[in-house]
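Participant: Here you go, one structure.
The values are calculated or read from the model by the stated rules, or taken from the named source; none is laboratory data. Treat the numbers as computed from the prediction; the structure is a model and nothing was measured. Here Cβ is always computed from backbone atoms with ideal geometry, including for glycine, and neighbour counts include all displayed protein chains. Each accessible area value is taken on the protein alone, full model and side chains, heavy atoms only, with ligands, DNA and RNA left out. Shrake-Rupley method; radii C 1.70, N 1.55, O 1.52, S 1.80 Å.
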Amino acid sequence: MNKFTTLSGIAAPMPLINIDTDMIIPKQFLKTIKRSGLGVNLFDEMRYDDDRNEIPDFVLNKPQYREAQILVAGDNFGCGSSREHAPWAIADFGITCVIAPGYADIFYNNCFKNGILPIVLPQEQVDLLMKDAEKGANARIEVDLESQTITSSDGDVLTFEVDPFKKHCLMNGLDDIGLTMEKEKSIDAFEATATQSRPWV
Amino acid sequence: MSPKTLYDKIWDAHVAHEADDGTCLLYIDRHLVHEVTSPQAFEGLRMTDRTVRAPDKTIAVPDHNVPTTLDRANAATMTEDSRIQVEALDKNAKDFGIHYYPVSDVRQGIVHIVGPEQGWTLPGMTVVCGDSHTATHGAFGSLAHGIGTSEVEHVLATQTLIQKKSKNMKVEITGKLRPGVTAKDITMSVIGATGTAGGTGYVIEYCGEAIRDLSMEGRMTVCNMAIEGGARAGLIAPDEKTFEYCMGRPHAPKGAQWEAALNWWKTLYSDDDAHWDKVITLKGEDIAPVVTWGTSPEDVLPITANVPSPSDFKGGKVEAAQRSLDYMGLTAGTPLNEVEIDTVFIGSCTNGRIEDLRAAAAILKGKKIKDGLRAMVVPGSGLVRAQAEEEGLADIFKEAGFEWRLAGCSMCLAMNPDQLSPGERCAATSNRNFEGRQGRGGRTHLMSPAMAAAAAVTGRLTDVREMM
């Protein structure tokens, strides 16, 4: 997994609430058996018309946001389906940080498995960064995971919370499965006891 | 011992390792797998030379992509990419030695219908699947939730999931439901009350007389949509109905093991003085038959209401509601029961079980669908389909003008050829009314099977109570 430590980039504003994973990556792109190559279909139905032409009004089609690396979004981002194709598409586009007042649970977890930092901030702080993002390419937002800070283009510094274990894994690009396998003895012991107490499982 | 909720009890019984910061390895009793969210996970195992730790606890079935037309044995009914995904599951199931129900097996169906039907899902278990509607299995008093593909790979390799405990939320539905009101109306009304993020960070336990009165099928419908309220999982404490449903299923315990299981299952309830972080109470008698008007499952109103105005809302919901109305092609103030539809879809993991088909057939018996309407019933499994044929329900649907399909997810997420065209409006018994969910530009109104059947007859959103 790619590490996430610091990021200084353009942020794209998407103030809509309840942006669901069907919007992030529509189902027709779930037929792949690979993880890569989904960036071109990120927000596909909002981004392209029926003839596959770009819709100029859509934020990521605007010249100033085509290289966006951060997304500032409305509440309950990533609700709906568990499809990990959503964070795959986001990362493949080049976005590695999302800032929103809240996320759906499964999407939030999926981000950390893919080198994406989903930051939760109170609505008023998201509103401030949304205004910053609306300035376009002139406003770079800086994110530092180590110090858990965001610096707006005006120099305002905001702090955010993140689970220490998730932070550790993201900063070091650690493979969850490898970490869990280090605890294999605990799993073996649990399984042996459970087989005795609940043999029907 | 301190009092515990049902969730606390199941959680405590499955912690294989706990780190100092509370991060746990939760042991997984049943891992359900389908063709769309698993290929990358199996590929990951191969690349790292890992195996499936507990193949006997891993069950796979193709459902999302598969055609539901009667000629689906013909490979030409599938697009090449869909076929590749199903073939990948065939191969992965064989290579890794996991339980498998291929498309050709009568037991094939939607993974969340097959699991309980075959007795894989039992009280007190932990159940995961790379699908958000895994919440369905909570109806048995099992802790069940959706996971991403990286977590699918993690469970395949280690039979555990890295988790931190969620908070406890109680949703109580008191008293009796009124005639024409179903499990679907309960679960949609709860989401209407709490919003799609109201359950975020919680595991919900549904309780109260109206929940206890539901059949297992109804309870599965309620828990299925817990995810639509943002919750990690939804649970209902097991009782005699649960035990009766499980008894004799192919993979349920037998003999002395059944007795031992039953003894444990009977301890699976929330203690009287257990701590709840959040409590929601709805009166059963206040719940009406409901439909969605917008593009979020929280956009729920009684069928007797009018399409709302964006100005009825606050904050970010004002813009979202306007966007929904534009997308749905609806005008504020229009009575919902005047909204005309083009298509009816009865099926999905929410409402594709036998009781759902019975409820729809009871409305449709001796009636015809409105001229020009497209209507289909997609049973949740091959066994549901067979039972419906035996009970004569299939004939009622066919005589009414419905297509009678084979089992699969079908038009709930429209990955197979069953899709809406742009602007087409659908009365659907599924779980999501998101933009484009049933096909680009398609407009979805969620409702119960009886309500969908009533809409099929009149060609518009309809209060089923007028037809009872």
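Participant: All but one of (1) within 14 Å of chain A (Cβ to nearest Cβ); (2) under 21 Å from the mean Cα position of the chain (by Cα); (3) not aromatic (Phe, Trp, Tyr) hold for B:Val155; which doesn't?
Facilitator: Unmet for B:Val155, out of (1) within 14 Å of chain A (Cβ to nearest Cβ); (2) under 21 Å from the mean Cα position of the chain (by Cα); (3) not aromatic (Phe, Trp, Tyr): (2).
Participant: How many residues, within region B:256-288, are more than 10 Å from chain A (Cβ to nearest Cβ), among the small types (Gly, Ala, Ser) and more than 19 Å from B:Val203 (Cα to Cα)?
Facilitator: 2
Participant: I need the full set of residues from region B:58-85 which are surrounded by fewer than 21 Cβ atoms within 10 Å (Cβ to Cβ) and within 13 Å of chain A (Cβ to nearest Cβ), in order please. Spell out the reasoning first.
Facilitator: Applying the first criterion (surrounded by fewer than 21 Cβ atoms within 10 Å (Cβ to Cβ)) to region B:58-85 yields B:69-81, B:83-84.
B:Met78, B:Thr79, B:Glu80, B:Asp81, B:Arg83, B:Ile84, listed by residue number.
Participant: Taking region B:1-15 as the search range and keeping residues that are without any contact (Cβ under 8 Å) to a residue 24 or more places away in the chain and outside any helix (DSSP H, G or I), which one is surrounded by the fewest Cβ atoms within 10 Å (Cβ to Cβ)?
Facilitator: First pass over region B:1-15, keeping only residues without any contact (Cβ under 8 Å) to a residue 24 or more places away in the chain: B:1-2, B:12, B:15.
Imposing the further condition that a residue be outside any helix (DSSP H, G or I) reduces the set to B:1-2, B:15.
Working: B:Met1: 4, B:Ser2: 8, B:Val15: 16.
By that ranking, first place goes to B:Met1.
Participant: Taking helices (runs of 4 or more DSSP H) that fall entirely within region B:344-409, which contain at least 3 residues that are modelled with pLDDT of 95 or more and open to solvent by 40 Å² or more (accessible area, probe 1.4 Å)?
Facilitator: On the way: elements: B:348-351, B:354-364, B:382-390, B:393-400.
Because the criterion is at least 3 residues that are modelled with pLDDT of 95 or more and open to solvent by 40 Å² or more (accessible area, probe 1.4 Å), the helices (runs of 4 or more DSSP H) in region B:344-409 that meet it are B:354-364, B:382-390, B:393-400.
Participant: Is at least one residue of region B:178-194 open to solvent by 10 Å² or more (accessible area, probe 1.4 Å) and within 30 Å of A:Met181 (Cα to Cα)?
Facilitator: Within region B:178-194 (the criterion being open to solvent by 10 Å² or more (accessible area, probe 1.4 Å) and within 30 Å of A:Met181 (Cα to Cα)), the answer is no, since none of the residues qualifies.
Participant: Still on this model: Out of the residues in region A:117-146 that are open to solvent by less than 60 Å² (accessible area, probe 1.4 Å) and charged (D, E, K, R), state the one that is farthest from the other protein chains (Cβ to nearest Cβ).
Facilitator: The extreme case among them is A:Asp144.
Participant: Name the single residue, out of those in region A:147-165 being surrounded by 14 or more Cβ atoms within 10 Å (Cβ to Cβ) and facing chain B (nearest Cβ under 9 Å), that is farthest from B:Leu25 (Cα to Cα).
Facilitator: The residue in question is A:Asp163.
Participant: Moving on to the next point. List the number of the failed condition for A:Ser81; all other conditions in (1) more than 24 Å from B:Ala320 (Cβ to Cβ); (2) in contact (Cβ under 8 Å) with a residue 60 or more places away in the chain; (3) open to solvent by 10 Å² or more (accessible area, probe 1.4 Å); (4) part of a loop (DSSP other than H, G, I, E, B) hold.
Facilitator: (1)
Residue by residue, here is whether (1) more than 7 Å from chain B (Cβ to nearest Cβ); (2) touching a helix residue (DSSP H, G or I) at 6+ places or on another chain (Cβ under 8 Å); (3) crowded, with 17+ Cβ neighbours inside 10 Å; (4) closer than 21 Å to A:Gly115 by Cα holds:
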site	(1), (2), (3), (4)
A:Ser8	yes, no, no, yes
A:Gly37	yes, yes, no, yes
A:Asn41	yes, yes, yes, yes
A:Tyr48	yes, no, no, no
A:Asn53	yes, no, no, no
A:Asn61	yes, yes, no, no
A:Leu71	yes, yes, yes, yes
A:His85	yes, yes, yes, yes
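Participant: Which one of these is within 11 Å of chain B (Cβ to nearest Cβ), open to solvent by 10 Å² or more (accessible area, probe 1.4 Å) and either assigned to a loop (DSSP other than H, G, I, E, B) or at pLDDT 95 or above (or both): A:Asn110, A:Asn114? Give the derivation first.
Facilitator: Values: A:Asn110 fails: open to solvent by 10 Å² or more (accessible area, probe 1.4 Å).
The conditions single out A:Asn114.
Participant: Could you check region B:260-276 and list, in sequence order, the residues that are within 19 Å of A:Ala194 (Cβ to Cβ) and aliphatic (A, V, I, L, M)?
Facilitator: B:Ala260, B:Ala261, B:Leu262, B:Leu268
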